[in-house]
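Worksheet for the structure shown next.
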Amino acid sequence: MTAGRLPRVLVDATSVPADRGGVGRYVDGLLGALPAEADVIVAALRTDVHRYSRLLDDVEVVAAPAAVAHRPARLAWEQTGLPLLAQQVGAEVLHSPFYTCPLRASCPVTVTVHDATFFTEPEHYDKSRRAFFRSAIRTSLRRAARVIVPSKATRDELIRLLEADPTRIDVAYHGVDHQAFHPPTEEEKARVRARLGLGTQPYIAFLGAKEPRKNVPNLIRGWAAAVKDRKDPPALVIAGGQGHDDEIDSAVAEVPVHLRLLRPGYLRFADLPGYLGGALLAAYPSYGEGFGLPILEAMACGTPVLTTPRLSLPEVGGDAVAYTSEDPAQIAVDLGQLLDDEPRRLALAKAGMDRAKEFTWASSAEVHLASWSRAASA
């Protein structure tokens, strides 16, 4: 690679799920923010080829084999077909955006490790998933030319727990699409309320996968304790993917009959500003995150946020969010105080919007480009 020229990079987008969840937001945001001079080729699922071709002007999008839509086949193709594709397109760097990467490739490989919670919070994952991702992270730290992480907390945990080489880790904060996530109009709020059947009832919003690490059962218990004796108790809406937290149903069964809890599943992407921005507050009492994209998206929508000071969350929220613990009794106390303090909610909403402006996909793209250039030069 000649000095001053950006390397040709093959980005493997085949790990992006159909629901465009966290990894989808990351890959879409990153690719959409790359400058025109970036020399990037995207490998995508066949169902995503048209989407990426529309999203990315003058970027070649290559369809992976149809079988790659199934996870075992994708992982096998990643080890064999992906390195071959990198060779065919003349890639100087191959970027794997979701923990795993090829063991052998004809060019340097960079990989994104989104969090270290498989090591810091192992009890919140089932045995097979925990074992797979622990092995994948160790392999990526050993094999990749550069490792990209979304927070300093994730970098520090990889160094502390796995003795990762700090000179090969680059911190690229996620961004937020400020056109997609914005303070909603009254029309947008009303549309979401109508779809959820909320009428005029106020509500507290949660958005995310129903994984044990997200602490949804304790959120439900804390909300119920905080609002059960109120005259007009706000509803709790738990939106997002189903996940694998079996304790949620038990927590739901404990909710007093006069309270309203909704679990609508996935919401349309276009409805997220109205959903988040129409809530009294967004609650996200996670046990730990590699970044915490849901709280950043809520902040961008002008929603006061209640979260925990675990791992990367203070890096994202700073002084612009309210903090609680993972314990349901403390969640109840802090949630109740926030519901009773409208001036504080308004102040947090304003501070959150201001802070969210500091996180852009353009800044993330700059770090990725620098990381790819280092990998190619090495």
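Do the alpha carbons of any pairs in K152/K189; K214/K357; K152/K228 sit beyond 31 Å of each other, and which pairs?
Values: K152/K189 35 Å; K214/K357 25 Å; K152/K228 39 Å.
Correct reply: K152/K189; K152/K228.
I'd like the orientation of helix 342-356 relative to the chain: the angle between its Cα long axis and the longest Cα principal axis, in ° from 0 to 90, rounded to 10.
Once rounded, one gets 10 degrees.
Given contacts defined as C-alpha pairs under 8 Å and at least six residues apart, what's the relative contact order of the chain, whole-number percent? Show your work: numbers first, answer last.
On the way: 722 pairs, mean separation 66.9, N = 378.
Taking the mean separation of contacting Cα pairs over the length of the chain, I get 18 percent.
Kirkwood hydrodynamic radius, the range 12-169, all distinct C-alpha pairs: what's the number in Å? List each step's numbers first, then the result.
Working: mean 1/r = 0.0614 Å⁻¹.
So the Kirkwood estimate lands at 16.3 Å.
Could you give the Stokes-Einstein D for the chain in µm² per second, using the C-alpha Kirkwood radius, 20 °C, 1.002 mPa s?
Working: Rh = 21.5 Å.
In µm²/s, the coefficient rounds to 100.
Give me the net charge of R25's neighbourhood, meaning all other residues with Cβ under 9 Å from the Cβ of R25; Lys, Arg count +1, Asp, Glu -1.
-2
Average projected area of the Cα convex hull of the range 148-191, in nm²? Let's see the in-between values first.
Numbers: hull surface 18.6 nm².
Taking a quarter of the hull surface, the average projection is 4.6 nm².
Please give the Cα centre distance for the range 106-122 versus the range 137-159, rounded to the nearest Å.
Using only Cα atoms to place each centre, the spacing works out to 5 Å.
In what sequence, highest mean first, do 120-133, 343-356 appear when ranked by Cβ atoms within 10 angstrom? Provide the component values of the computation, followed by the final result.
Details: 120-133: 14.1, 343-356: 16.8.
Top of the packing list down: 343-356, 120-133.
Karplus couplings for the range 203-218 from phi (6.51 cos²θ - 1.76 cosθ + 1.60, θ = phi - 60°), rounded to Hz, Gly and Pro as x?
Calculated HN-Hα couplings, in order: 8, 10, 10, 10, 9, x, 6, 8, 9, x, 5, 7, 6, 5, x, 6 Hz.
Can you tell which of P256, L196, L346 lies farthest toward the positive end of the dipole of the range 186-356, using +1 and -1 charges on the Cβ of basic and acidic side chains (Lys, Arg; Asp, Glu)?
Going by the Cα projections, it comes out as L196.
Run the numbers on the range 44-164 and let me know its relative contact order in percent, using alpha-carbon pairs under 8 Å that are six or more apart.
On the way: 136 pairs, mean separation 22.5, N = 121.
After rounding, I find 19 percent.
Which whole-number percent gives the relative contact order of the range 186-356, counting Cα pairs below 8 Å spaced six or more residues apart?
Details: 324 pairs, mean separation 42.7, N = 171.
Relative contact order, the range 186-356: 25 percent.
Build a GNM of the chain with springs between Cα atoms under 10 Å: which of L45, L84, L293 gets the top mean-square fluctuation?
Maximum among the listed residues: L84.
If I build a Gaussian network model for the chain, linking alpha-carbon pairs within less than 10 angstrom, which residue out of K231, K152, K189 has the largest mean-square fluctuation?
For the chain, modelled as a Gaussian network with Cα springs under 10 Å, the answer is K231.
Per DSSP helix of 4 or more residues, -39500 (n - 2.57); summed, then divided by the residues of the chain. What does that give at 222 nm, rounded to the nearest 500?
Working: 16 runs with 161 residues, N = 378.
Dividing the helical sum by the residues of the chain leaves -12500 deg cm²/dmol.
Fewest Cβ neighbours within 10 Å first, please rank H258, H368 accordingly.
Numbers: H258 8, H368 26.
Taking fewest neighbouring Cβ atoms as first place, the list is H258, H368.
Quick one: if the Förster radius is 45 Å, what FRET efficiency do F269 and D327 give, using the C-beta to C-beta distance and rounding to 0.05? Could you put the intermediate results ahead of the total?
On the way: r = 33 Å, r/R0 = 0.73.
That pair, F269 with D327, gives E of 0.85.
How are the C-alpha pair distances of the range 255-363 spread across 10 Å bins, as whole percents from the shortest bin up?
14, 45, 35, 6, 0
Under the rule a/c < 1.5 gives rounded, and otherwise a/b versus b/c splits prolate from oblate, where does the range 186-356 land using the Cα gyration tensor? Could you put the intermediate results ahead of the total?
Numbers: a/c = 1.21, a/b = 1.07, b/c = 1.13.
Here the range 186-356 falls in the rounded category.
Let me know the shape class of the range 302-378, please: from the alpha-carbon gyration tensor, a ≥ b ≥ c as square roots of the eigenvalues, rounded when a/c is under 1.5, otherwise prolate if a/b is greater than b/c, or oblate. Please report the intermediate quantities before stating the final value.
Details: a/c = 5.83, a/b = 2.18, b/c = 2.68.
Note, shape of the range 302-378 comes out oblate.
A short reminder: the numbers here are calculations on the coordinates, not readings from a lab. In this text the structure is predicted, and so the values were computed from the model without any measurement. Glycine gets a Cβ as well: all are built from the backbone with ideal geometry, and neighbour counts include every protein chain shown.
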